[in-house]
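Please treat every number below as a calculation from the coordinates, not as lab data. Only a predicted model underlies this, so the values are computations on that prediction, with no experimental measurement involved.
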Amino acid sequence: MVPDDLSGITAEQYRASMRHYPAGVTVVTIGAETGPVGFTATSFASLSLEPPLVSFNIAHTSSSIEALRAADSVVIHFLGEHQHHLAHRFSRSAADRFTDRALWTTLDTGEPILHGTPIWLRTTIHQLIDLGDHTLVVGLVTRVHDESADSPSAAPLLYYNGKYHRPTPIDI
């Protein structure tokens with residue numbers, strides 16, 4: 001039975017239901033004063049075309065939250081199916097995320113860029129909104145890097161029910 005009273009919804013019930021909503025996988029990177037910072041985010045969304053705005057969420061308990069709050073800009077990487085290892089790396093220990101220098105380089109503006117990412121967006125931080133136990137980040141897109149052209153080299157990486165997936169087309 002589903003309660004009508006919000007006080008009856010547990011965090012475990014809510015988390016279990018959200019596992020059944022598929023999401024694209026992104027990695028957000030920041031050029032912080034103390035070195036590169038990054039994390040996996042499946043909450044990415046496009047908000048507006050004019051101006052070009054996007055959003056994602058970050059938990060208040062994230063090891064990356066302070067670097068994000070201090071940042072002027074971030075890069076949001078749309079991971080391809082071939083990059084599930086990066087999604088895993090950036091969802092684990094912060095100390096290990098940038099240890100392999102062969103996986104990334106730096107933009108002239110200071111943000112780390114992950115090699116082999118089909119699409120990434122550089123965004124300036126437009127607004128930070130604390131909501132519940134997360135911060136909603138609204139970014140103004142200032143640069144789009146797109147290597148997918150008309151025929152993408154890799155399918156997007158999806159996250160569903162606690163595992164990474166690749167999409168398969170449905171012929172209609």
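What is the Cα coordinate range of the range 37-93 on the first, second and third principal axes, sorted by size from largest, in whole angstrom?
36, 29, 16
Taking 0.36 nm per residue of separation and subtracting the Cα-Cα distance, what length does fully extending M18 through D96 add?
Values: separation 78, 0.36 × 78 = 28.08 nm, distance 2.76 nm.
Extending this stretch completely gives an extra 25.3 nm.
At a temperature of 10 °C and a viscosity of 1.306 mPa s, determine how fast the range 1-154 diffuses translationally according to Stokes-Einstein, using the Kirkwood radius over alpha-carbon pairs as Rh; express D in µm²/s, rounded to the nearest whole number.
On the way: Rh = 16.6 Å.
Stokes-Einstein gives a translational diffusion coefficient of 96 µm²/s.
Using Cα pairs closer than 8 Å and at least 6 residues apart in sequence, work out the relative contact order for the chain, in percent.
26 percent
Given the rule -39500 (n - 2.57) for each run of at least 4 DSSP H residues, summed and divided by the residues of the chain, what is its mean residue ellipticity at 222 nm, to the nearest 500 deg cm²/dmol?
Working: 3 runs with 21 residues, N = 172.
The helix contribution divided over the chain gives -3000 deg cm²/dmol.
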